Amino acid sequence: EVFKKSQIMTEFFLISGIVLIVAIIFISVSINQIKILYQTKEFFLVKDIALKIQDEISIASYIEDGYSRQFELPEKVDSGDYNISIVNNTLIVYTNTTNYFIRILNVTGYLNKGQNTIKKTNSVIYLN
């Protein structure tokens, strides 16, 4: 009878250990998948901002001088901060974990989060 009790205890601890290991593996895989989904979502939000800016610049380039339009960029990306830079006709929209680069036409000026103005004067596109 003592042998049976010790065998039951051994089996219980063995099965409990296996269940615990499987649970830990499942949780760690789930956490990793959630992190990947968040990064993918953030990438597409950053990409959308970049494409919106590129579209605004492209439209201004096709329209005649005197064109002026206001457009808005979000203050945050999915409750996180982001930055915008224009370097050598390359628009860079980035966060701490995601970068998106896209070529744009030559522009003069800078972009703000929130309200922006785009103008075309003497065939030059101005931002803000």
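The values are calculated or read from the model by the stated rules, or taken from the named source; none is laboratory data. Here the structure is a predicted model, which means the values were calculated and not measured. Glycine gets a Cβ as well: all are built from the backbone with ideal geometry, and neighbour counts include every protein chain shown. Heavy atoms of the whole protein, side chains included, go into the accessibility calculation; ligands, DNA and RNA do not. Shrake-Rupley method; radii C 1.70, N 1.55, O 1.52, S 1.80 Å.
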**Prompt:** Looking at segment 48-96, which trypsin sites (Lys or Arg not before Pro) are DSSP coil and have at most 11 other C-beta atoms within 10 Å of their C-beta?
**Reply:** Lys76
**Request:** Between Tyr110, Tyr82, Tyr100, find the one with the highest GNM mean-square fluctuation for the chain; connect C-alpha pairs within less than 10 Å.
**Result:** Tyr110
**Request:** Among Val19, Val87, Val29, determine the one that fluctuates most according to a GNM of the chain built with springs between C-alpha atoms less than 10 Å apart.
**Result:** Val19
**Helix 2-62 vs. the chain, principal-axis angle (Cα, 0 to 90°, nearest 10)** = 0
**Request:** Return the carbon/sulfur percentage of the accessible area of the chain, one whole number, probe 1.4 Å, all protein chains in place.
**Result:** 61
**Asked** For semi-axes √(5λ) of the Cα gyration tensor in Å, the choices are (i) 24, 18, 12; (ii) 37, 19, 10; (iii) 59, 11, 9; which was calculated from the structure?
**Response** (iii)
**Prompt:** Given springs between every Cα pair under 10 Å in a Gaussian network model of the chain, which of Val22, Val93, Val77 has the largest fluctuation?
**Reply:** Val22
**Prompt:** Taking only protein heavy atoms and a 1.4 Å probe, what accessible area per residue, in Å², does segment 8-124 have with all protein chains in place?
**Reply:** 68
**Fill in**
Residue-normalised 222 nm signal for the chain, counting each DSSP H run of n ≥ 4 as -39,500 (n - 2.57), nearest 500 deg cm²/dmol, is -18000 deg cm²/dmol
**Item:** Euclidean distance between Cα centres, segment 10-73 to segment 80-98, Å
**Value:** 16
